[in-house]
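Chemist: Could you have a look at this structure, given as structure tokens, before my questions?
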């Protein structure tokens with residue numbers, strides 16, 4: 001069984017196309033937030049109750065909940081009678097390239113949460129033209145072709161599992177995808193946007209601030225951002241969820257020894 | 001200059017104690033969420049405006065904002081005239097041990113966001129008795145001793161920077177801390193809680209669900225959870241923010257080659 005989630009909620013055309021394509025691979029269900037939760041990261045709702053409702057999308061039964069993508073994943077893990085063999089999230093309306101996006105994205109967080117629960121997980125996202133970013137419902141382009149490619153990747157992971165040491169795959173599609181679009185293995189770049197803030201005045205004359213980002217124009221070799229923004233290729237980034245798996249040089253080890261001494 | 005943030009908001013006794021102790025190390029300011037944001041992870045507010053207000057805590061001027069800890073960090077990065085030499089978050093009311101906590105915590109996310117912006121960063125958290133978890137204001141115990149120890153760690157990082165390959169430190173204090181409490185370098189364990197959900201009925205007879213967790217009772221050697229829950233020691237976990245820094249075995253490499261072939 002394949003469990004699908006996302007962070008754009010039930011109306012997303014990326015979700016609908018993914019559900020349709022994965023239905024041809026195996027039995028499918030979904031457990032998603034009831035509305036858009038972009039940028040929700042791996043937030044968990046521990047202080048207030050959650051609602052769950054059954055709905056149907058593209059002929060498939062699934063559930064929406066009032067929480068975040070990570071909430072949906074934890075609820076699915078506990079509530080579903082049948083456990084998934086693989087978890088797929090997306091297809092997100094907008095690419096999730098660079099560590100900044102990976103950490104703040106709800107779509108990647110759904111897959112990351114799934115990986116912490118022990119499921120092989122894949123996050124799918126697709127670049128959309130800049131002018132449609134954030135609420136891009138109608139204008140977000142073709143998701144059928146990327147979904148067919150996503151289905152191939154999911155089938156491969158169902159057959160072979162994930163590679164050793166890899167907790168999840170972060171897959172990004174460029175704006176225009178055909179069956180001939182090339183795929184490549186990438187690494188996450190550090191940032192994609194240079195953070196900006198607009199300071200404005202509300203109708204009552206009080207300050208408010210709006211966060212946004214100006215996309216940087218130079219990307220590292222072999223990076224996810226370069227694949228999506230320069231090469232027009234599909235980017236597959238193997239990720240580990242173990243932030244503490246740090247390769248310590250002898251310098252680093254002696255630093256750590258020194259701080260323990262300083263504190264004793 | 002030291003920049004302080006947290007996810008418990010301005011009333012937290014852990015914040016107040018940290019501000020006081022770090023004020024004796026260097027010039028200090030803070031940029032924090034205006035109220036509690038536990039479990040907010042690295043969520044970013046991109047769809048709606050944010051408010052910022054100046055306030056004073058423990059004789060120090062700083063700012064609160066209507067967003068998340070990651071929002072506060074990004075705003076501080078853009079707005080502050082003077083850039084910090086180090087960023088410290090906390091002291092969180094409750095420990096942030098295990099990858100599940102690390103990814104969902106707002107306090108760790110503030111430090112993680114700082115690391116993505118290029119600042120050396122340290123997240124500080126303290127275990128509090130289970131019965132006070134989540135809204136533990138009055139009963140959360142002594143933060144002065146942990147803050148004095150935090151000040152030693154911050155001073156060390158100001159002197160020496162972080163070790164090579166390390167993006168941030170995740171520091172956790174046990175419930176009872178004295179000047180003689182031992183510190184140790186740890187790794188993050190995978191989980192600390194087994195996820196649970198309570199299904200209940202609201203006053204109108206409709207279902208609602210409440211997420212919580214039952215703490216597991218067995219922790220890996222050298223783990224952050226073991227240090228805090230069994231050894232009563234201070235846990236210092238070096239973290240990398242590069243999720244894509246995966247050491248690929250030859251098996252993993254051939255897996256990745258195979259999937260690219262399958263897709264071409």
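Bear in mind these aren't lab numbers, they're just calculated from the coordinates by the rules spelled out. Keep in mind that what you see is a predicted model, and the values were worked out from it rather than measured. With ideal geometry, Cβ positions are generated from the backbone for all residues, glycine too; neighbour counts draw on all protein chains shown.
Chemist: Looking only at other chains, what is the average number of their beta-carbon atoms within 10 angstrom of each beta-carbon in B:256-264? Please list the in-between numbers first.
Modeler: Values: counts 7, 1, 3, 11, 6, 1, 7, 11, 4.
Partner-chain Cβ atoms within 10 Å, mean over residues of B:256-264: 6.
Chemist: Further, regarding this structure: Determine the principal axes of the Cα atoms in the stretch A:15-121, then give the extent along each, sorted from largest to smallest and rounded to whole angstroms.
Modeler: Cα spread of the stretch A:15-121 along its principal axes, largest to smallest: 34, 31, 26 Å.
Chemist: Let me ask you something else. Among B:177, B:87, B:197, whose mean-square fluctuation peaks in a Gaussian network model of chain B (Cα, cutoff 10 Å)?
Modeler: B:197
Chemist: Would you mind telling me the antiparallel percentage of the DSSP bridges in chain A, rounded to 5? All intermediate terms of the calculation are to be shown ahead of the outcome.
Modeler: On the way: 20 of 45 bridges.
Rounded to the nearest five, the antiparallel share is 45 percent.
Chemist: Hey, in the GNM for chain A with a 10 angstrom Cα cutoff, which one of A:253, A:68, A:235 fluctuates hardest?
Modeler: A:253
Chemist: Once fully extended, how much extra length lies between residue B:208 and residue B:47, figured as 0.36 nm per residue of separation less the alpha-carbon to alpha-carbon distance? Each step should come with its number before you reach the end.
Modeler: Working: separation 161, 0.36 × 161 = 57.96 nm, distance 2.78 nm.
So the extension gain works out to 55.2 nm.
Chemist: Between residue A:262 and residue A:81, what is the label-point separation in nm under the 7 Å Cα-to-beta-carbon projection?
Modeler: Each label point lies 7 Å from its Cα, and together they span 5.8 nm.
Chemist: Same structure again: If each residue's Cβ is checked for other Cβ atoms within 10 Å, how do A:263, A:18 rank with the fewest at the top?
Modeler: Values: A:263 17, A:18 31.
Taking fewest neighbouring Cβ atoms as first place, the list is A:263, A:18.
Chemist: What's the exposure ranking of B:57, B:79, going from fewest to most Cβ atoms within 10 Å? Let's see the in-between values first.
Modeler: Values: B:57 19, B:79 14.
If I rank by nearby Cβ atoms, fewest first, I get B:79, B:57.
Chemist: Over the Cα atoms of the stretch A:99-218, what Rg and Dmax result, in angstrom?
Modeler: When restricted to the Cα atoms of the stretch A:99-218, Rg and Dmax are 17.7, 60 Å.
Chemist: Any chance you could list P(r) for chain B, counting all Cα-Cα pairs in 5 angstrom bins from zero, rounded to whole %?
Modeler: Each 5 Å bin holds this share of Cα pairs: 1, 6, 13, 17, 18, 15, 11, 8, 5, 4, 2, 1, 0.
Chemist: Okay, next question. What length, rounded to one decimal in nm, is gained on full extension from residue A:160 through to residue A:230, with 0.36 nm per residue of separation minus their alpha-carbon distance? Write out the running numbers ahead of the final one.
Modeler: Working: separation 70, 0.36 × 70 = 25.20 nm, distance 3.08 nm.
Working it through step by step, the gained length comes to 22.1 nm.
Chemist: Continuing with this model, one more query. Sorted from largest to smallest, which semi-axis lengths in Å does the alpha carbon gyration tensor of the protein assembly as shown give for its equivalent ellipsoid, taking the root of 5 times each eigenvalue? Write out the running numbers ahead of the final one.
Modeler: Working: eigenvalues 259, 121, 118 Å².
Each semi-axis is √(5λ); the values are 36, 25, 24 Å.
Chemist: Further question: What's the percent breakdown of Cα-Cα distances in the stretch B:57-99 across 5 Å bins, shortest bin first?
Modeler: Reading upward from the zero bin: 5, 14, 23, 28, 18, 8, 4, 0.
Chemist: In addition: Tell me, Kirkwood radius of the stretch A:32-92 from alpha-carbon pair distances, in Å? Don't skip to the answer; put the middle values down first.
Modeler: Working: mean 1/r = 0.0804 Å⁻¹.
Computed over Cα pairs of the stretch A:32-92, the Kirkwood hydrodynamic radius comes out at 12.4 Å.
Chemist: Select from B:209, B:119, B:229 the residue whose mean-square fluctuation is largest in a Gaussian network model of chain B (Cα-Cα springs shorter than 10 Å).
Modeler: Maximum fluctuation in the GNM of chain B, among the listed residues, is at B:209.
Chemist: Which whole number gives the average, over all residues in B:34-43, of C-beta atoms from other chains lying within 10 Å of the residue C-beta? Mind showing how you got there, number by number?
Modeler: Working: counts 0, 0, 1, 1, 4, 9, 6, 13, 11, 13.
Per residue, the average neighbour count from other chains is 6.
Chemist: Enter the Cα centre distance for the pair the stretch A:141-163 and the stretch B:1-56, rounded to the nearest angstrom.
Modeler: So the separation of the two Cα centres works out to 42 Å.
Chemist: What percent does the relative contact order of the stretch A:9-142 come to when contacts are Cα pairs within less than 8 Å and at least six residues apart? Provide the component values of the computation, followed by the final result.
Modeler: Values: 235 pairs, mean separation 34.9, N = 134.
With pairs under 8 Å counted, the relative contact order is 26 percent.
Chemist: Then there is this: Shape verdict for the stretch B:180-264, please, from the Cα gyration tensor: rounded (a/c under 1.5), prolate (a/b greater than b/c) or oblate. Show your work: numbers first, answer last.
Modeler: Working: a/c = 3.39, a/b = 1.18, b/c = 2.86.
Oblate, because a/c is 1.5 or more while a/b does not exceed b/c.
Chemist: Take every DSSP beta bridge with both residues inside the protein assembly as shown and express the antiparallel ones as a percent of the total, to the nearest 5.
Modeler: 45
Chemist: Still on this structure, please answer the following. Using Cα pairs closer than 8 Å and at least 6 residues apart in sequence, work out the relative contact order for chain A, in percent. Kindly include the intermediate steps, with their values, before the conclusion.
Modeler: Details: 559 pairs, mean separation 47.1, N = 264.
Reported as a whole number, the value is 18 percent.
Chemist: Where does each of A:77, A:47 land when they are ranked from fewest to most other beta-carbon atoms within 10 angstrom?
Modeler: Details: A:77 21, A:47 12.
Least to most surrounded, the residues fall as A:47, A:77.
Chemist: Sticking with this one: If you restrict to DSSP beta bridges whose two residues both lie in the stretch B:1-136, what percentage is antiparallel, to the nearest 5? Please report the intermediate quantities before stating the final value.
Modeler: Values: 6 of 21 bridges.
That works out to approximately 30 percent antiparallel.
Chemist: What FRET efficiency comes out for the pair residue A:196/residue B:247, r = Cβ-Cβ distance, R0 = 41 Å, nearest 0.05?
Modeler: Efficiency, from the Cβ-Cβ distance: 0.70.
Chemist: Quick one: compute the contact order of the stretch A:92-243, relative version, from alpha carbon pairs under 8 angstrom and 6+ residues apart, as a percent. Working shown, then result.
Modeler: Details: 263 pairs, mean separation 43.7, N = 152.
Computed value for the stretch A:92-243: 29 percent relative contact order.
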